[in-house]
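Reading through the structure tokens given below for one structure.
Only the coordinates and a few stated rules stand behind these numbers; no lab work does. All of these numbers come straight from a predicted model, not from anything done at the bench. Cβ coordinates were reconstructed from backbone atoms using ideal geometry, including for glycine residues, and neighbour counts include every protein chain displayed.
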Amino acid sequence: MNQVYKKFDEDEVLHHLQHYLPAQAPLKDFVHHNTLHAFQSNHFFDALQKSNQIFGYKTILSLPEFRDLYKNGKIKKSVLDFVIKTRKGEGNLEVWQNKLLFEHYDASCHPRIGSFRSHWKTDYAINLDKVVHTLLFKMLCSYLDQGISIWSFPVHEKGFLSSIKVLEKSNYISFFATKRAKELLFKPHLNIQTLLDILVANEDFYEQYLFDQQFLHPGWSGIVATIEQQPESLLDGRKINLKEFILFELLLEIDALDAKFGENWLPLGNKVKSKPMNLFAKAAYSELFELQTIWQEAFEFSFYDEVLLGIQYQKKNKIDPIDNKSFQAFFCMDDRECSIRRHVESLDSRCETFGTPGFFNVEFFYQPLGGKFYTKLCPAPVTPKYLIKEVGITNKRQTDVHFTKHAHGLFFGWIISQTLGFWSAMRLFLNIFSPTITPATSTSFRHLDKKANLIIEHTEGSHQIKGLQLGFTTDEMADRVEGLLKSIGLVENFAPIVYVVGHGATSINNTHYAGYDCGACCGRPGSVNAKVFAFMANHIKVRAILQQRGISIPEETQFVGALHDTTRDEIVFYDEEMISTSNKANHTKNINVFETALGYNAKERSRRFESIDSQQSVEKVHQSVKKRSVSLFEPRPELNHATNALCVVGSRNLSKNLFLDRRSFMNSYDYRIDPNGDYLFGILKAIAPVGGGINLEYYFSRVDNQKLGAGTKLPHNVMGLIGVANGIDGDLRTGLPSQMIEVHDPIRLMVIVEHFPEVILKTISKVPETYEWFKNEWVRLVAVHPESGALFLFQQEKFIPYLPIQTEIKRSKNILEAVAKEQDNMSILIIN
Amino acid sequence: MESLLQYFLVLPFLGFILTLLANDKKETFISRVAFVVVLTQLIGIIVFISGWLYLGHLDLNLRELTLFHNKESDFFIDFYFDEITAVYMLMGALLTFLVTTYSRYYLHRENGYKRFFCTILFFFLGYNLAVLSGNFETLFLGWEILGISSFLLIAFYRDRYLPVKNAIKVFSIYRIGDVGLILAMWAAHHLFHENITFLKLNNYEMVSEHLSSHSLIGVFISLAILIAAAAKSAQLPFSSWLPRAMEGPTPSSAIFYGSLSVHLGVFLLLRTFPFWEHQTSIRVLITILGLFTSIIASLIARVQSSVKSQIAYGSIAQIGLIFIEVALGLKTLALIHFAGNAFLRTYQLLVSPSVVSYLIREQFYNYKPKQQTFEDSLSKKMEFSLYILALKEFQLEWFMNFILWRPLKKVGSKLNFIKIKSLVLLFAMVYAFGILTYVFKTNIPYQIRNLLPEIFAFMGMVMIFKAYSERKSPYVAWLMIVMNHFLIALAISFNEKVGFNEILLYLTGIVIAGAFGYLALLALSKNEKKISLNMFSGHVYEHPKLSFFFLLATLGITGFPITTTFIGEDLIFSHIHRSQIILAIMVSLSFVVGGIAAIRIYARLFLGPHIKTYHELPYKSS
């Protein structure tokens, strides 16, 4: 309680606010992250309850929803009983069964946030938000706007508030209706305390007031806080910080109050009789919540248990090593690549596939020809020191007159509406009845031209460009190639061709397009990285260095970059002309394998799309899948990471004959060449925030699509190119739209690692940030003993032996057939 | 050939009923009905227009249905078809067809899939009725349907605060437009002594003969029409509703506010052009209004930083120009301009989400730090002032609030002492007194007697204002709306020659709708401990059926064409003398504000964020 009666410390409160506000970057840099990152130092379930009591978020499915899942068999009785017994003891089974299944509980939620500030409405009869929000949002959006407005914010001085001062100073009209607020604006060294002294007057309430106020529009406040911390997330830079934004809001509030009551009104803190509240006090016990946690665990283990049973089966049934390999292919670890690998392998039994983060261990900024900026192509937290440039010819970008801003002007608008207007009708007609790619489409193949030339190799003595080195030296290349090969466990037995397949997506009318591309490439397609990696691995000098380090790549082996479009299920290969004559024939054959596999993949994916009849032929289904990627009216071009729930870190043999229903991230790893877990550390360090981040963003957007998700995308309106709001005057919506999460089952990510438990434990506890994810169970962790095949579940910081509860696992011979009939999540199958 | 016209209403009506009765899980059935209906209509219209052109494209008029007839009044439905109707009908069918086809997939799995298609078809019915109308009464019918379907589509996401708030706002502006139309109808009735058809307005000699002796009333009618047109087409000072209407799913915004609904003001002007063609002052006024609107709206459009509000203001600016074209008599140009603008804005809205990836790519390749705009040539102070003014939308929101809503609320809040019992008592006393005076009206000095209608209408109006601003009891608000109608009936009955059956026609609908509404309130009170108008309660979450039932009662009590009150209202109006302009204004205000008050009760009880918190709830700022 000492927090409440402390003196108000502005910086500390601002810091505190920043910590809890949504941390979603502007749309172009949309990257998945844990929505409740602010609570990550708590245990997962404590965080759920706490954030619910503080902010009113719904953080877990409701009792009726769980009961429905139980009725539909998604939560299994044996598992539920098991969870009750472990948590509550054998003897209490019946009591708790009864509570879980039949008792009624009041689920009303009375969050702490907002209670103090709501007294404006109850005690003063003034709707402050209605008066303040419109102008506040509008000013902010215009200030941050990246290029929607024709006449942009006229001043961009030292910051938001100083720009407002400049505007206010030489103006015939004022932002404010009254005098005092205007005078305060120009007061030197204006701070939050001064304004709160006027508004609230009782210092004990200050922090609570600011939290109440900012969490009425967390979207806008969050974007301000994010831009303050990552100014580079806007191409057209804007200086702003949370403090200025709050100051302006407080000024507008004073103005609104003065306008209604004159300058003499009683400050809120003096009028309200209630005691100050500690917003962040410990959550009180609730039986309902305990029931929900039991249900949640039962829900999760109903699925986990099947998977672990399958893994155990795989471990027991050894798979013969492949001789005389036809080709090898690296894919991104992304859950969407899970099925394509299965199809490729089933079509060519001599090929071998690997999964690894889709930036292929090469981190750099990329500048396409004519680009005015650099694009970061590596995981978001990394800041690369290298620049890769595109040179030589490239196709001209196409434009679309419909986005011209002249249409909104008076005179040009007059001409355009009478001419172009009729062309629009034609375009609309065409798009509805025969959709094709247009300049408005965001397509992955456009990211890198097939004919593009890149500067990848660093030339001795060339200048640094804005602190970046142009290209990599051979040593730097060798480091990266070695790092990747060792982390996935490929150090010998190279096939003649090794494909390096990045991935990207295609969509139109999709404001969240960045979330559809490769997360390891900062929300961009992985084509440049694939091409760069292939170049490095083919480099003679690099191979010589690798040879010294014990990796001997045969001379005839060639690496070929490629890009898989996960929406359209298409593939493009780069630098095919350099493929040697001896490999050429094989390559042609392999292309066939890929093409067929893509068709199968499209068919498998189509089972989730209601508008496609999955029973049709592969060609027809593939056509429909391609069509939906470019249809204006299709809010679900693909389902992205929906249903993700697993991450397998280990050899392909662990999962090769398992049907995991595109629900698993897959990172290839061989414990034998990494006995100390050095490479494993790199893998898990990335998987926790990336895989865990994706999984939890889906989780929270699914359980509370209103507050933690973006709601349905159908009414979304693009604000300043940085975010979306529902109408023209609402708050920015963070999280994922309902169309992305509706088929998602909200369960945590289970990471399965093939290594000795003690090595894994040592590895994850190396860095506290990584360890937090596992310790607090934001992701679940299971170790598969590489020799005995025994399973160990990581719980309360210990690996505990785990025996699957179920004993039977289903089998299927023809996956394509099995899949076409089912629309919902399927159980894990053994393919044979 | 005329007789074919009615089938263009039967078809949408049939579609509306079919979707209304459909099971809301049957997506395919619902969308197929909509698709087939609109496509058939489109083909029908194309064939019809071709035939009509081939046969020499003469104006068609069809007197369809007489709803009420006595010595003084003749209330009938009438259809009219000329090139204006042809263009508007074709555009309507074409755009609705494209948008319904689009929405079949776009709305897939959305809550309210059925509601969406139902409302779209209802809108389509109203639209066709309005553009086919041959007299003011028929036009008004269509106009009302458009108003209510607009409300329902803006408040499509009824569990959120802003859509519901904005839906009420737009509905209110629409009702103001309705005052214009009601007054125009009333004055036209006195000018022509009949229920004038648009066909007859083309008769220059007839019109100018009537106007020559009553030029003032002619100006009055034209002004009333202009108010109706300006409100519907978002011209000054009403403009700020259009961007706020963009709350529904994007395709509905596209068809309503991008294209069809917003151009109906233009239609009204085109339709009544022969009437005000020779009133130079009106033509100048329309030109000035259009000019001001287009300049101001394009200034506002320039500073918008959200896609949809930019498109909305861009469109308003073009409609301002169309107003000028109509005023200048450039009918063909206006029609082409309408079609082009409608297509363009529909498409722009539909592709608006793509703007992010497109413009960011453009920015990536073509970035220039600061674009020169024409405003840079102004002095800094001028530039900044203009910018802030444009950002604040020229204070239009504040202005509407200041001249309209705030005074209403002020008057209403003066009556806060009234509780339900005192209300009933008060009303009983006033009404008993009223009936007494009516019975003994011959004994009352005529100076006083002549004032009585105004007095009673004034009381009714004040009640309506109170109903509009009531913050507590929905019963009080509801009863006041009902009582207002009774007071109006009383007021009018002092005018001679009002038939008993006319009053009966008027009040039956009110009584039925009033009773149903009251029952619905009782049922809601029984389930929920406390019902109040103080905030949005969102009871539709638990009581969707009751909500629908209450909506019907609300429509009934506002004179929506589902009860006889609709005809009654018109008849009552025709009994207001030409000299009783104050009375006409008061009664029409009562109708209009009464409608808003009723919708407000519905919205506050059933829409908005649910007051129960056991399920996920949106932020109030969304």
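Could you give the nm distance between label points at B:Arg449 and A:Val401, where each point is 7 Å from its Cα heading toward the beta carbon?
So the two model labels end up 7.2 nm from each other.
When a/c is below 1.5 the answer is rounded, else prolate if a/b is larger than b/c, else oblate, so apply that to the stretch A:147-231 with a ≥ b ≥ c taken from the square roots of the Cα gyration tensor eigenvalues.
Oblate, since a/c reaches 1.5 and b/c is not below a/b.
Starting from the 7 Å offset along Cα-to-Cβ, what nm value, one decimal, do you get for the label separation of B:Glu209 and A:Thr473?
It works out to 10.3 nm between the two label points.
Over the Cα atoms of the stretch B:2-361, what radius of gyration and what Dmax do you get, in Å?
In Å, with Rg to one decimal and Dmax whole: 20.0, 71.
Whole number please: convex hull volume per residue of the Cα set in the protein assembly as shown, in Å³?
189 Å³
Considering every residue in B:331-343, what mean count of other chain Cβ atoms within 10 Å of its Cβ is obtained?
4
Tell me what chain A gives for mean residue ellipticity at 222 nm when only DSSP H runs of n ≥ 4 count, each as -39,500 (n - 2.57), the sum divided by the residue total, rounded to 500 deg cm²/dmol.
-12500 deg cm²/dmol
For q = 0.09, 0.13, 0.16, 0.17 Å⁻¹, what log10 I(q)/I(0) does the stretch B:235-391 give under the Debye formula with an equal point scatterer on each alpha carbon and no solvent?
With no solvent term, the Cα-only Debye profile gives -0.35, -0.69, -0.97, -1.05.
Computed FRET efficiency, Cβ-Cβ of B:Ile562 and B:Tyr367, R0 56 Å: what is it to the nearest 0.05?
0.45
Quick one: plug the Kirkwood hydrodynamic radius of chain A (C-alpha pairs) into Stokes-Einstein at 10 °C, 1.306 mPa s, and report D in µm²/s.
This corresponds to a translational diffusion coefficient of 55 µm²/s.
Quick one: grab Rg to one decimal and Dmax as a whole number for the stretch B:527-622, Cα atoms only, in Å.
17.7, 59
Would you tell me the mean number of C-beta atoms belonging to other protein chains that fall within 10 Å of each C-beta in A:486-498, as a whole number?
Across A:486-498, the average partner-chain Cβ count within 10 Å equals 0.
Which order do A:Leu136, A:Leu27 fall in if you start with the one that has the fewest other Cβ atoms within 10 Å?
Least to most surrounded, the residues fall as A:Leu136, A:Leu27.
Using the alpha-carbon atoms, what tilt in degrees (0 to 90, nearest 10) does helix A:128-144 show relative to the longest principal axis of chain A?
With rounding to tens, the tilt is 50 degrees.
Would you mind computing, in nm to one decimal, how far apart the modelled labels at B:Ile420 and B:Phe548 are, each placed 7 Å from Cα along Cα→Cβ?
2.7 nm
What is the ratio of the Cα radius of gyration of the stretch A:1-141 to 2.2 N^0.38 Å, with N the residue count, to two decimals?
For the stretch A:1-141, the normalised Cα radius of gyration is 1.47.
Report the far tail of the P(r) of chain B, meaning the percent of Cα-Cα pairs longer than 43 Å.
Across chain B, Cα pairs with separations above 43 Å total 21 percent.
Return the unpartnered cysteines for chain A, using a Cβ-Cβ cut-off of under 4.7 Å.
Within chain A, the cysteines lacking a partner Cβ under 4.7 Å are A:Cys109, A:Cys141, A:Cys332, A:Cys338, A:Cys351, A:Cys378, A:Cys522, A:Cys647.
Take the alpha carbon gyration tensor of the stretch A:200-286, find the square roots of its eigenvalues, order them as a ≥ b ≥ c, and report rounded if a/c is under 1.5; if not, report prolate when a/b exceeds b/c, else oblate.
Oblate shape, in that a/c is at least 1.5 and b/c is the bigger or equal ratio.
Please list B:260-266, A:138-144, B:205-211 highest first by mean number of surrounding beta-carbon atoms within 10 Å per residue.
B:260-266, A:138-144, B:205-211
Considering the convex hull of the alpha carbon atoms of the stretch A:434-525, report its projected area averaged over all viewing directions, in nm², one decimal.
Mean orientational projected area (the stretch A:434-525, Cα hull): 9.7 nm².
Could you please rank B:Tyr475, A:Tyr172, placing first whichever residue has the fewest other Cβ atoms within 10 Å of its Cβ?
Result, fewest neighbours first: A:Tyr172, B:Tyr475.
Just flag the GluC sites (Glu not before Pro) in the stretch B:468-559 sitting in loop per DSSP whose Cβ has no more than 15 other Cβ atoms within 10 Å.
B:Glu496, B:Glu542
Divide, for the stretch A:257-402, the radius of gyration over alpha carbons by 2.2 N^0.38 Å, where N is the residue count.
For the stretch A:257-402, the normalised Cα radius of gyration is 2.01.
I need the chymotrypsin sites (Phe, Trp or Tyr not before Pro) found in the stretch A:230-325, filtered to DSSP loop residues with at most 14 other beta carbons within 10 Å of theirs.
Counting only loop positions with at most 14 other Cβ atoms within 10 Å, the chymotrypsin sites (Phe, Trp or Tyr not before Pro) in the stretch A:230-325 are A:Tyr285.
When the expected Rg is taken as 2.2 N^0.38 Å, what fraction or multiple of it is the alpha-carbon Rg of the stretch B:64-165?
Cα-based Rg divided by the globular estimate yields 1.31.
Can you check what the Kirkwood hydrodynamic radius comes to for the stretch B:437-563, Cα pairs only, in Å to one decimal?
16.2 Å
Between A:Asn453 and A:Ser582, what FRET efficiency comes out of the Förster formula 1/(1 + (r/R0)^6) with R0 = 25 Å and r the beta carbon distance, rounded to 0.05?
Calculated transfer efficiency: 0.50.
Average partner chain C-beta neighbours within 10 Å, per residue of A:213-219?
Per residue, the average neighbour count from other chains is 2.
Let's test the formula: R0 of 60 Å, r as the Cβ-Cβ distance of B:Ile295 and A:Tyr285. What FRET efficiency results, to the nearest 0.05?
E(calc), rounded to 0.05, equals 0.40.
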